[in-house]
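The values are calculated or read from the model by the stated rules, or taken from the named source; none is laboratory data. Note that this is a predicted model, so its numbers are computed, not measured. Neighbour counts are summed over all protein chains in view; Cβ atoms, including those assigned to glycine, are modelled from backbone coordinates with ideal geometry. All accessible areas refer to the heavy atoms of the entire protein, side chains included, with ligands and DNA or RNA removed. Shrake-Rupley method; radii C 1.70, N 1.55, O 1.52, S 1.80 Å.
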Amino acid sequence: MVITSANTRVESLAKSGIHQIPKEYIRTPDELTTITDIFAEENNQQSPQLPIIDLNHITSDDPKTREYCRYELRKAATEWGVMHLVNHGISGDLIDRVKAAGEGFFDQPVEEKEKYSNDIASGKIQGYGSKLANNACGQLEWEDYFFHLVFPEEKRDLTIWPSTPSDYITATTEYARQLRALATKILAALSVGLGLEEGRLEKEVGGMEELLLQLKINYYPKCPQPELALGVEAHTDVSALTFILHNMVPGLQLFYEGQWVTAKCVPDSIIMHIGDTIEILSNGRYKSILHRGLVNKEKVRISWAVFCEPPKEKIILKPLPETVSEEEPPLFPPRTFHQHMEHKLFKKNNDTFDPK
């Protein structure tokens, strides 16, 4: 029998030859009834499909063409809160470099990666780790990760960025820059959809100086009992927007209209989630969808999630006045981003907000 300590990296666990996963990774009975084979799910033609939004015309000079593109984006944000973005303007070459850099980091022996390990207990959240936050039931997720701030550039701590592979810093820096520009275009379209000026949502989430882009590379090793585990448990993102790349191995599931729907792998796309921050500012018009990650026993899955987050304390998040009326009272109480994160971490099921 293989005895593993609680702080073992999931990768080490997966490579140790175990046939049964430790009990800390086994999900609750309720969850287990919903965990399915991800490859069968990806091939299921009957299930609903995430919208695919073509951003080719999001800044078109022709008002009608531009408006139609923005309309499709807003419709997806309203109905789903998640979508595949294609023709997003970030070159395939740059995305390939970002993926190669992340894969190169994770290809190193665990001992090498440990040089970058974080220490949540002491407040050092950036770096290499295996669990971002504790959940109520004490279960663990079947993933390792690398987490660090990538934008604004002057707020980065390059000392904890990997020096191997050599292209990691260059490729990730350029990708963050281009993603930040894309976020501006998305926020402009979403602002117009709420009847606001184009720059309003961007200003409300911190603008160019204060909106933080945090990169989390998720590494999901092969799992001997994928029907018992989750790579990431069900959650909504606290961010304003989240942009995700992956290595074309399926795993993302969305809770849509009462069922778990598997996101198909769309080549050259970036998956985008609306996060809680935009849901709050829009008073629930744009949705922050519940989602989770499944694992499998055949292929390692890697995803690159960039969370666009407002500053923790400087901004009070609450429904914008223009989204509130007698017919549509505020659905969310005023909170800082930090308070919202704390509220989600320790939330009780009976926690409701009375707008009166």
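Exactly one residue out of Gly258, Gly207, Gly195 is touching a helix residue (DSSP H, G or I) at 6+ places or on another chain (Cβ under 7 Å), on the phi > 0 side of the Ramachandran plot and of a type in the set (Gly, Ala, Ser): that is Gly195. Would you be able to say whether some residue in the stretch 114-122 is basic (Lys, Arg), part of a loop (DSSP other than H, G, I, E, B), without any contact (Cβ under 8 Å) to a residue 24 or more places away in the chain and more than 24 Å from Lys287 (Cα to Cα)? Within the stretch 114-122 (the criterion being basic (Lys, Arg), part of a loop (DSSP other than H, G, I, E, B), without any contact (Cβ under 8 Å) to a residue 24 or more places away in the chain and more than 24 Å from Lys287 (Cα to Cα)), the answer is yes, since at least one residue qualifies. Hey, any hits in the stretch 172-183 for a residue that's among the β-branched types (Val, Ile, Thr), assigned to a helix (DSSP H, G or I) and without any contact (Cβ under 8 Å) to a residue 24 or more places away in the chain? The answer is yes, given that some residue of the stretch 172-183 is among the β-branched types (Val, Ile, Thr), assigned to a helix (DSSP H, G or I) and without any contact (Cβ under 8 Å) to a residue 24 or more places away in the chain. Per the listing Asp276, Asp237, the residue uniquely in contact (Cβ under 8 Å) with a residue 24 or more places away in the chain, under 20 Å from His338 (Cα atoms) and within 11 Å of the chain's Cα centre (by Cα) is Asp237.
Only residues that are surrounded by fewer than 18 Cβ atoms within 10 Å (Cβ to Cβ) and under 27 Å from Glu233 (Cβ atoms) were counted across the stretch 136-185, and they come to 3. Evaluate the stretch 204-222: report whether one residue or more is assigned to a loop (DSSP other than H, G, I, E, B), charged (D, E, K, R) and at pLDDT 95 or above. Yes, the conditions are met somewhere in the stretch 204-222.
Here's a check for you: in the stretch 320-356, which residue that is open to solvent by 80 Å² or more (accessible area, probe 1.4 Å), more than 20 Å from Ser239 (Cα to Cα) and among the polar types (S, T, N, Q) is modelled with the highest pLDDT? Top of the filtered list is Thr352. The stretch 1-99 holds helices (runs of 4 or more DSSP H) entirely within its bounds, and those carrying 1 or more residues that are under 20 Å from the mean Cα position of the chain (by Cα) and farther than 19 Å from Gly251 by Cα map to 63-79.
For the stretch 251-263, check the following and say yes or no: at least one residue is assigned to a loop (DSSP other than H, G, I, E, B) and more than 15 Å from the chain's Cα centre (by Cα). Looking through the stretch 251-263, at least one residue is assigned to a loop (DSSP other than H, G, I, E, B) and more than 15 Å from the chain's Cα centre (by Cα). Among the numbered criteria (1) without any contact (Cβ under 8 Å) to a residue 24 or more places away in the chain; (2) surrounded by 16 or more Cβ atoms within 10 Å (Cβ to Cβ); (3) over 19 Å from the mean Cα position of the chain (by Cα), which single criterion is violated by Glu198? Here Glu198 clears every test but (2). Please go through the stretch 99-154 and give me each residue that is of a type in the set (A, V, I, L, M, F, W, C) and modelled with pLDDT of 95 or more, ordered by number. If the condition is that a residue be of a type in the set (A, V, I, L, M, F, W, C) and modelled with pLDDT of 95 or more, then Ala100, Ala101, Phe105, Phe106, Trp142, Phe146, Phe147, Leu149, Val150, Phe151 are the ones that fit. For the stretch 292-319, the candidate set comprises residues that are outside any loop (DSSP other than H, G, I, E, B) and in contact with an Asp or Glu (Cβ under 8 Å, 6 or more places away or on another chain); within that set, the residue that is most open to solvent (accessible area, probe 1.4 Å) is Phe307. When the stretch 148-171 is filtered for residues that are without any contact (Cβ under 8 Å) to a residue 40 or more places away in the chain and in a loop (DSSP other than H, G, I, E, B), the ones remaining, listed by number, are Arg156, Asp157, Trp161, Ser163, Ser166.
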